[in-house]
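Single-structure report; data block below.
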């Protein structure tokens, strides 16, 4: 695994909120199952606490933030930590595209929530792939001189 | 220029427009030459959370005061909204379909839900609250909710 090709995923840290759980489940799915070699998870709470490793990760890699509500804490903290928000996704916007997946539950999502998280994970992967392509990263981890793309995807309602 | 009554409870600030009438449930009704424009109050939209979907009864629907005029689905709850007046829906805000977030962003302006041709505004308005009366009720509701947090 080449650290240089990692895209950082920063999900909402909203505990006790369904949309926050959806954002984290989607992030786990991407980082652990769908794009384990291309992505790494950074906990929002570590950015809030000023953790050096977390701040370094977002400062040196393109970040995809996933916000659970219009406060957009994930997006804001990436920026405040010196990172580049390559794309930000809002769970609410994704839900509007997948109304059949109504999320419920907090500690454990219902089936709709799990499917919404998977749909969100799919959208994150598309963005990750696009970021890597635009950066000119290859499977060998080579980096071209192209700058990362700045993409507003889905938009945050903050 | 719309004037507002305003209160801050905990970290939240709530506004009440002074140029319209209200239901206790948190809908506003603004009389406009025989027609009544209807929407959510700032308090109700903040308490309900970000709106994912808003389904408003279509144009031509006849309503009695208290009948369901809309359902909103937010990140927290699904809420049935009762019409403050009797009459016929003559206009539905097209933004309810593709930009329901206007309910949160501008509840007293662009976030209106529907316009109803009122059957008897005078009679219906007697059952509604003026801004001052609603403001006091809303403050109590907000304070109660803050105390329960």
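The values are calculated or read from the model by the stated rules, or taken from the named source; none is laboratory data. For clarity, every value in this text was computed on a predicted model and none was experimentally measured. Note: ideal-geometry Cβ built from the backbone for every residue, glycine included; neighbour counts use all protein chains shown.
General observations
- Qualifying residue in segment B:116-127 (condition: surrounded by 15 or more Cβ atoms within 10 Å (Cβ to Cβ), over 15 Å from residue B:70 (Cα atoms) and touching a helix residue (DSSP H, G or I) at 6+ places or on another chain (Cβ under 9 Å)): yes
- Some residue of segment A:25-47 being within 14 Å of chain B (Cβ to nearest Cβ), in contact with a strand residue (DSSP E or B) (Cβ under 8 Å, 6 or more places away or on another chain) and not in a helix (DSSP H, G or I): no
- Restricting attention to segment A:3-24 and to residues that are within 14 Å of chain B (Cβ to nearest Cβ) and part of a helix (DSSP H, G or I), the residue that is nearest to the chain's Cα centre (by Cα) turns out to be A:23.
- Filtering A:59, A:54 for residues that are farther than 30 Å from residue B:102 by Cβ, more than 14 Å from every other protein chain (Cβ to nearest Cβ) and crowded, with 18+ Cβ neighbours inside 10 Å leaves a single hit, A:54.
- Test result for residue B:120, without any contact (Cβ under 8 Å) to a residue 24 or more places away in the chain and farther than 19 Å from residue B:24 by Cα: no
Quick grid of which residues meet (1) farther than 21 Å from residue A:31 by Cα; (2) within 14 Å of chain B (Cβ to nearest Cβ); (3) in contact with a helix residue (DSSP H, G or I) (Cβ under 9 Å, 6 or more places away or on another chain):
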{"site": "A:75", "(1), (2), (3)": "no, no, no"}
{"site": "A:82", "(1), (2), (3)": "yes, no, yes"}
{"site": "A:91", "(1), (2), (3)": "no, yes, yes"}
{"site": "A:115", "(1), (2), (3)": "no, no, no"}
{"site": "A:122", "(1), (2), (3)": "no, no, yes"}
{"site": "A:125", "(1), (2), (3)": "no, no, yes"}
{"site": "A:134", "(1), (2), (3)": "no, no, no"}
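- Checking each residue in segment A:93-113 for being in a helix (DSSP H, G or I) and within 14 Å of chain B (Cβ to nearest Cβ) picks out A:93, A:94, A:95, A:96, A:97, A:112, A:113.
- Filtering segment B:21-46 to residues that are crowded, with 19+ Cβ neighbours inside 10 Å and within 14 Å of chain A (Cβ to nearest Cβ) leaves only B:45.
- Residue B:113 meets all of the listed conditions (1) surrounded by 20 or more Cβ atoms within 10 Å (Cβ to Cβ); (2) more than 15 Å from the chain's Cα centre (by Cα); (3) more than 28 Å from residue A:16 (Cβ to Cβ) but one, namely (2).
- Residue that is surrounded by the fewest Cβ atoms within 10 Å (Cβ to Cβ) [pool: residues in segment B:47-71 that are more than 15 Å from residue A:103 (Cα to Cα), within 14 Å of another protein chain (Cβ to nearest Cβ) and at pLDDT 95 or above]: B:71
- Segment B:77-112, subset touching a helix residue (DSSP H, G or I) at 6+ places or on another chain (Cβ under 8 Å) and without any contact (Cβ under 8 Å) to a residue 24 or more places away in the chain, residue nearest to the other protein chains (Cβ to nearest Cβ): B:102
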